[in-house]
Structure formats: C-alpha cells, structure tokens
1. Among residues belonging to the range 33-56 that are of a type outside the set (A, V, I, L, M, F, W, C) and in a loop (DSSP other than H, G, I, E, B), point out the one that is farthest from residue 67 (Cα to Cα).
2. Output the residue which, of all residues in the range 157-192 that are of a type in the set (Gly, Ala, Ser) and within 20 Å of residue 220 (Cα to Cα), is surrounded by the most Cβ atoms within 10 Å (Cβ to Cβ).
3. So residue 130 fits all but one of (1) touching a residue at least 12 places away in the same chain (Cβ under 8 Å); (2) touching a Lys or Arg at 6+ places or on another chain (Cβ under 9 Å); what number is the exception?
4. Just give me the residues in the range 335-347 being assigned to a helix (DSSP H, G or I) and either at pLDDT 90 or above or of a type outside the set (A, V, I, L, M) (or both), in sequence order.
5. Looking at the range 36-86 only, could you name the residues that are polar (S, T, N, Q) and touching a strand residue (DSSP E or B) at 6+ places or on another chain (Cβ under 9 Å)?
6. Hey, can you tell me all the residues within the range 1-18 that are surrounded by 12 or more Cβ atoms within 10 Å (Cβ to Cβ) and more than 16 Å from residue 80 (Cβ to Cβ)?
7. I'm checking my understanding of the structure. Among residues of the range 272-300 that are touching a helix residue (DSSP H, G or I) at 6+ places or on another chain (Cβ under 6 Å) and of a type outside the set (Val, Ile, Thr), which one is nearest to residue 135 (Cα to Cα)?
8. Would you be able to tell me the number of residues in the range 3-32 that are free of Cβ contacts under 8 Å to residues at least 12 places away in the same chain and assigned to a helix (DSSP H, G or I)?
Amino acid sequence: MNIKSCEKKEKNEADIIVEVDAEEFESALGKAFIKNRNRISVPGFRKGKAPRKIIENMYGSSVFHNDALDILVPDAVRLVGTESELRIVGFPQATDLDFKDDNKGVDITITVAVYPEVAIGEYKGLSAVKPPVSALDSEIDYEVEAIRLRNASIDKVDRPAANGDIAVIDYEGFLDGEPFEGGKGENYDLELGSNSFIPGFEEKIIGMAAEEQRELELVFPDNYAEHLAGKQVVFKVKLNEVKEKILPDLDDEFAKDVSEFDTLEEYRADIKDKLLKSRQAEADAAFENAIMDKLAETIDAEIPEAMIEEQMEIAMNNFASQISSRGMDPSAYLQIMGITPEIFRENMRASSEKQVKVMLALEKIADTENVEVSDEDVESEYNDGAERYQMEVEKLKESIDKEIILRDVKIRRAAKIVTDNAIAEEPAEEMSAKEEDTPGEAGLSGKKAEKPEKPAAKTRKPAEKKPAAKKEAADAAPEEDSGDGTPADKKPVKQTARKPKT
C-alpha cells in the first residue's frame, strides 16, 4: 500500500490516491471470505465448506469486495495521515474506488481537508473598551443580606402569610375541570415572593391563614409547555402552616459565625476585595475576548468546512459535559428548552467559525514571533494537568500527546503577545459620567444594579440568637434553566425557562 498521487482542489481540499497492490488486495479478500463463508449457502456444500472460487463464480467476483474494503480503507486513511506531506485537518474520507481487472488491486481515493494558508494583518495595537471596575456599598449590602438569608432560622408563626414567608401548601391544578398531570403537590414549601411559581400564584397566597383554602384562577404563560401555554386553570390550595425567616443580627457576632473575621467591618472589606478581584478577572477576560474578536477580523484564509465542523463538535461536547456535570441529561435539557440538537449545533456555527479564525491567527503569530516552548515548559504543563485532574503524570502523558501541549502553550503565548500590545479604551465619556453619577450600578456591566430589598424576615434578638449555619451557596443551574433543573412536565406550576443564548 502506497500513496500514488496527490491532487489539491479548491476550498483547501485534496484527493490522495492510495494504491493497494494485488497481493495486499488478495489478502484482504481472503480475510473477507473467511469472515463470511459460514453465512453463504451454496447448493451441494454445507455452510462454510464451499470454496471461495465457487462462491465468486456463483455470486460474482465482487462478492467480497465490500468486506475487503472495510479492512483496507482504515489502513489507507492511516497511511494518508502519517505519510502525506500535507497538514491534514478533520477526518479523511474515502470518496472513490478504482478496481483493477482480475482483482489485481484497487486504487482508493481519500479526500482530505488541508490546513489553510493564513495571511494576517496588524495584530499589535488592537483596541477594545475596558471599563474600570468597582464595588459599591449597595452591592456589598446585597452580598451580606444574601448571607444573612442563607443563615436565617425558620419559625412557625400563627398569623396570615406575608411576602417573604414560607407557605406550606397542598395544591392541585385543574384544566377545564379536570386535574392535569404534574399539577399536584402536598406539604410544599413555597417561599412567597420567590417568583418560582407562575405569575399570580404566590400573590394570591398572601393573606391566607393556616387551614384556609382558596381557589386561584390563573393563566399559564404563553411560553409554557405546549399543553398548558396560555390556558386558564384553577388551583385549589390549602395553606397548612406559615413559617417566617428570622435573620441573625448584623453585628460582629454574625461576622464571626459566617467567616474567619472578628468584626463586621473586616468581613465587609473582604467581600469588597473579592468582588473587585472577581470583576477585574471578568473585565480582563471580556477585554481579551473583544481583542480576539478584532484579531479574527485581521486574517485572510480560505477555511475548510471540516475545521468549522470539528469546532462545532467540540462545542457540542463541551455543552454536554457542562450540563451532565450539573446532573442533567443534555437531550432532556434541550427538549425543555424547546430546541433540537441539530438546531442547537447549527446555532454554534458562527461562534465556532470565529474560534477557528482566532486559532489560525494565533498559530500564525506564534510562527511569526518565533515562539518557543522548552521541554521544561512541557513538563510543567503535564505536572499542572496531573494535579488538576488528580492523576499520575505518566498516565496523563499517555492520554495527551506532547504535540498538543506544545501547540496549546504556543497559542496561549501568542494570545499574550496580542493582549499585552493591545490598547484598553475608556468607555464613552457620556456613559462614564452617567456611571459615576448614578448610585447603585455595577462597575463592570454599566447596568444599574437593583438595590436589594429588605428581606421580609425578622431579626432575632441577641438572647434568642441561634448559631448561624455555615454553608456554601447551592450550585446554580445553567442560566437558561428554570432555576431548579426540574423539567416542566414534572412541576408545571413553575415558570418555563428561556431558550439558551447561542
């Protein structure tokens, strides 16, 4: 088996003809015969006993060709990948076969996508807006109140339900007088004001007393599950009991309970420091992304479709991995979002193409700038990866080729060259003035931050204060999720999530 010829075509594709000689083709035919002989019936012979020539005379000389090609084509593809002088991207495909007379061999045409020639414009001095970051007192207040709420105790009260209370309810929904699937719950803890149920539900619970029953006439949102969207329904609700949240006092003792700090002032200072660091990291990442977008516009290259498709596949795999890590099935998640995997994948095309352009540009820059990576650099990458993935270094080396590490480090260093030479622009003067004069806005986004509402919970007096539970915030569901990851058909009174942004 050898490469017979190579012909470059348009759109950075090439046809490579692999020649399989008579001896190798005959060997593959023999293996195909052995594989199939027990399944072929020939009059006068028991199954598996008919000679190959008899079978070929009866069914045709090409009877074993397909199975022989199943053996030969993978070897031909591997040969192209290892011995071709072209830099191949994507997956080679066998696109044509030319059988020689009397089974004297076959020419297999392998079509490949070829790494494109890249021309790049000026990549130093690119500019993008990079707003300064800040952490306002109102935002620190919001963070502190969130911690207080998480550390609140819950007490049963003998009064009508109010906003912020937890109403323990039994409920059942009826559509046209008939109960609908998933619309029933018992002893459900509903936090009033959380907006976790459809519009109007929680508001109609406010004012109810324990053991009271009500019928709530409501309309499902138009963007809800199809069988309930826009439908008028009735929920029969019984309030079993009312609970209120008792917030810990906002003092030094609270700071000691929820942190390693001795005073509330120190705790607030730490929150501010973490907010600033987080927002600075976000600002740096946003600036780098904006610069990379500008960089993508500077390249001139005819990108093979195979490279974009490969990047789309990577994006799909990353999405599936992210959703699975949150305990959800990716297919079920997309179904809840009302989008097919095919459409979701296609929606990734534009961003995938941009990522390919950025990668091509950075590789070109690494070559232009003669970026070098030492063996010590590679070893350090392996050690860091082994620690990150909690596996032995040698095992990691077996699973990740050195060339991948070299390429990754070169691309990162090329990106640093671009960003280090980029220009950070100030926001527009009008917007900057507005941000400075408007209290309560987020320093990074430029959007006015909502001032946290006073939680509808009482503050326990010091003598009654219970130990504050130290717990981390629950892992958030994906932004596009309903908030608790529960499928719409399981809890139809929940509002449905928006479609994911792509």
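The values are calculated or read from the model by the stated rules, or taken from the named source; none is laboratory data. Keep in mind that what you see is a predicted model, and the values were worked out from it rather than measured. Note: ideal-geometry Cβ built from the backbone for every residue, glycine included; neighbour counts use all protein chains shown.
1. Of the residues in the range 33-56, the ones of a type outside the set (A, V, I, L, M, F, W, C) are 35-39, 41, 43-44, 46-49, 51-53, 56.
Filter once more, keeping what is in a loop (DSSP other than H, G, I, E, B): 41, 43-44, 46-49, 51.
Details: 41: 18, 43: 23, 44: 25, 46: 22, 47: 19, 48: 17, 49: 19, 51: 17 Å.
Selected residue: 44.
2. Within the range 157-192, the first condition is being of a type in the set (Gly, Ala, Ser), and the residues that meet it are 161-162, 164, 167, 173, 177, 182-183, 185.
Among the residues that remain, those that are also within 20 Å of residue 220 (Cα to Cα) are: 173, 177, 182-183, 185.
Values: 173: 25, 177: 6, 182: 18, 183: 17, 185: 16.
By that ranking, first place goes to 173.
3. For residue 130, the exception is condition (2).
4. Let us first name the residues in the range 335-347 that are assigned to a helix (DSSP H, G or I), namely 335-337, 341-346.
Selection gives 335, 341, 342, 343, 344, 345, 346.
5. Applying the first criterion (polar (S, T, N, Q)) to the range 36-86 yields 36, 38, 41, 57, 61-62, 66, 82, 84.
Selection gives 62, 84.
6. Answer for the range 1-18, where residues must be surrounded by 12 or more Cβ atoms within 10 Å (Cβ to Cβ) and more than 16 Å from residue 80 (Cβ to Cβ): just 11.
7. 272
8. So the answer is 2.
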